[in-house]
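These notes concern the structure reproduced below.
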Amino acid sequence: MKRLSVALLLIFATASAALAQLGTNAYSFLEVATSTRAQALGGYAIAASAPDVMLTEQNPGLLGAEIERVAAIAYMRYFGSSNFAAARFAHSAGERGAWAIGIKYIDYGSIDGYNPDGSATGSFKPQDISFEGTYSHDFTDRLRGGINVKFIYSNYEQYSAAALAADLGINYFDPEHGLSLSAVIKNAGGQVKRFNESYDHLPFDIQLGYMQQLAGGPFSLAITAHHLTHWHIPYYKHDDNQESLIVEADKKFLPDLFRHLTFGLQYSPSDSFYAAIGYNYKTRTDLSSFQRNFFSGFSLGLGFNVRDFDIGISYSQPHKSASTLALNLAWFL
C-alpha cells in the first residue's frame, strides 16, 4: 500500500502560510463543501450571508445569533463509492454571539490491499473524520468574526494520523445594499500524529468572497477567490505523445486568474426559497485529461423552507462518468 502522511499543529496566519510552501498537502477532503448552497455556487460560498448553519464550514464569520437554535445534517454521494456525511448543531450566545459543534466524515468505500509481492491482504475502508467547534461574535451591526477549530483523524488500513487546525473568518454585511464581503484563513494548523516519518501539510488557503444583490432584485452574484497562497496552480495534462500524464502549471495570466475564481448566481425571490448555479474553472481544467464533459465545472442547486425545516439539494457532473448529489436538512428547534 502506498504510504500516506498528514500535517497539522495549531498555528495561525503567516506562520501557516510559510509552512504550506514546504511540502505537499494532505487531508484534501477538508476542501470539499458539504453545504448544498456552497456546492451549488461552485464549491465556495464564504460570503453567502444566510441563516444556514452548514455554511459555518465555509466561513465561521457567517454564524450568527439570528440562528437561535438549529440542528442540521448533510449527505453527499461523491465520486466512485465515496460518501460524505456531516452534522452540526448551533445555538445563539447572547445577542451578539453564537457557537456550534459539528462533525464531518468521508468513507472512501472498500479498497483491496496488497503486499509489495502482490499477495492480497484483504479489503479495507479508508476514512477521514473532522470534529469541529465554532464560535462567532458581532463586532458591529455589520461586521462579524469567527473561529472554527478542528480535530482531524484519518485511518488508512494499519496507518493512522491526527491533526489540529483552525479556520478564521470575517464577514461584512450591508443589508441596505445587499452587499456581503468576506475573508477567510482556512486550515491553519499542523500535525499531532504522523502516518510515518514523512511530513505533509493541510490544504492551507486564504480566500476572499464577494456577494452582491443585483439592482435590488431577487438575483445575487457571488465571486470567490481561492488558493491565494499559490498563484500558479498545477494540473494534469497529457504529454506531447498523448501517452502519459504530466503535471503542468499554466503560465498565462488570464487562465491562471480564472483558476482562482469561482462564480455563482443565486435567485431568491423570498427568504423561503433559492435556486443557484455556479461555475468553477479550476474543476474544468483539473479534469481536462480525464474525460470531462460540457457540464464539467458547472453546478446547480436549490433550497426551500417547509415550516421549521430547511431543505437543500445540489448536483454537479464534473466527469462524464461521475456525478455528485448532496442533500442538507436543517431543523430549527
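Structural remarks
- Single match in Ala74, Ala98 (criterion: modelled with pLDDT of 95 or more, assigned to a strand (DSSP E or B), touching a strand residue (DSSP E or B) at 6+ places or on another chain (Cβ under 6 Å) and closer than 15 Å to Thr36 by Cα): Ala74
- For the stretch 186-222, a residue qualifies if it is part of a strand (DSSP E or B), within 19 Å of Val149 (Cα to Cα) and either open to solvent by less than 40 Å² (accessible area, probe 1.4 Å) or of a type outside the set (A, V, I, L, M) (or both), and the qualifying residues are Lys186, Asn187, Ala188, Gly189, Gly190, Gln191, Lys193, His201, Asp205, Gln207.
- Phe151 in contact with a Leu (Cβ under 8 Å, 6 or more places away or on another chain) and either surrounded by 14 or more Cβ atoms within 10 Å (Cβ to Cβ) or modelled with pLDDT under 90 (or both): yes
- Long-range neighbours under 6 Å by Cβ, at least six apart or interchain, first residue over 24 Å from Gly189 (Cβ atoms) within the stretch 120-141, second of a type in the set (Gly, Ala, Ser) and open to solvent by 30 Å² or more (accessible area, probe 1.4 Å): Ser123/Ser110; Lys125/Ser110
- Residue check, Ile206 in contact with a helix residue (DSSP H, G or I) (Cβ under 7 Å, 6 or more places away or on another chain), in contact (Cβ under 8 Å) with a residue 60 or more places away in the chain and of a type in the set (A, V, I, L, M, F, W, C): no
- The set of residues in the stretch 30-71 that are in contact with a Leu (Cβ under 9 Å, 6 or more places away or on another chain), within 13 Å of Ala98 (Cβ to Cβ), part of a helix (DSSP H, G or I) and not aliphatic (A, V, I, L, M) comprises Thr56, Pro60, Gly61.
- For the stretch 108-119, the candidate set comprises residues that are touching a residue at least 24 places away in the same chain (Cβ under 8 Å) and touching a Phe, Trp or Tyr at 6+ places or on another chain (Cβ under 8 Å); within that set, the residue that is nearest to Asp167 (Cα to Cα) is Ser110.
- Taken over the stretch 161-185, the residue count meeting the criterion of being at negative phi and open to solvent by less than 30 Å² (accessible area, probe 1.4 Å) is 12.
- Test for Ser154: is it farther than 22 Å from Val53 by Cβ, in a strand (DSSP E or B) and in contact (Cβ under 8 Å) with a residue 40 or more places away in the chain: yes
- For the criterion of being among the hydrophobic types (A, V, I, L, M, F, W, C), within 30 Å of Ser198 (Cα to Cα) and open to solvent by less than 70 Å² (accessible area, probe 1.4 Å), Ala93 fails.
- Members of the stretch 265-286 found to be part of a strand (DSSP E or B), within 16 Å of Gly312 (Cα to Cα) and polar (S, T, N, Q), listed by number: Gln266, Ser268, Ser270
- Among the residues listed as Ala71, Ala98, Ala40, the single one being buried (at least 22 other Cβ atoms within 10 Å of the Cβ), more than 23 Å from Tyr267 (Cβ to Cβ) and of a type in the set (A, V, I, L, M, F, W, C): Ala98
- The residue that is farthest from Phe273 (Cα to Cα), among those in the stretch 22-77 that are touching a helix residue (DSSP H, G or I) at 6+ places or on another chain (Cβ under 6 Å) and polar (S, T, N, Q), is Gln58.
- Scan of the stretch 305-332 for residues that are over 18 Å from Pro269 (Cα atoms), assigned to a loop (DSSP other than H, G, I, E, B) and not small (Gly, Ala, Ser), ordered by number: Asp308, Lys320
The rows are residues; the columns are (1) open to solvent by 70 Å² or more (accessible area, probe 1.4 Å); (2) under 16 Å from Gln39 (Cβ atoms); (3) modelled with pLDDT of 80 or more.
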| site | (1), (2), (3) |
| --- | --- |
| His260 | no, no, yes |
| Pro269 | yes, no, yes |
| Gly278 | no, yes, yes |
| Ser289 | no, no, no |
| Asn293 | no, no, no |
| Gly301 | no, yes, yes |
| Ser314 | no, yes, yes |
| Lys320 | yes, no, no |
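- Taking every residue in the stretch 223-246 that is more than 14 Å from Asp205 (Cα to Cα) and open to solvent by 40 Å² or more (accessible area, probe 1.4 Å) and pairing it with any residue that is hydrophobic (A, V, I, L, M, F, W, C) and modelled with pLDDT of 85 or more, at least 6 positions away or on another chain, the pairs with Cβ-Cβ distances below 6 Å are Ile223/Phe263.
- Of the residues making up the stretch 130-148, just one is over 17 Å from Ala93 (Cα atoms), surrounded by fewer than 17 Cβ atoms within 10 Å (Cβ to Cβ) and not basic (Lys, Arg), namely Phe131.
The values are calculated or read from the model by the stated rules, or taken from the named source; none is laboratory data. Computed from a predicted model, the values in this text were never measured in an experiment. Neighbour counts are summed over all protein chains in view; Cβ atoms, including those assigned to glycine, are modelled from backbone coordinates with ideal geometry. For the accessible areas, the whole protein counts, side chains as well, though only heavy atoms, and no ligand, DNA or RNA atoms are used. Shrake-Rupley method; radii C 1.70, N 1.55, O 1.52, S 1.80 Å.
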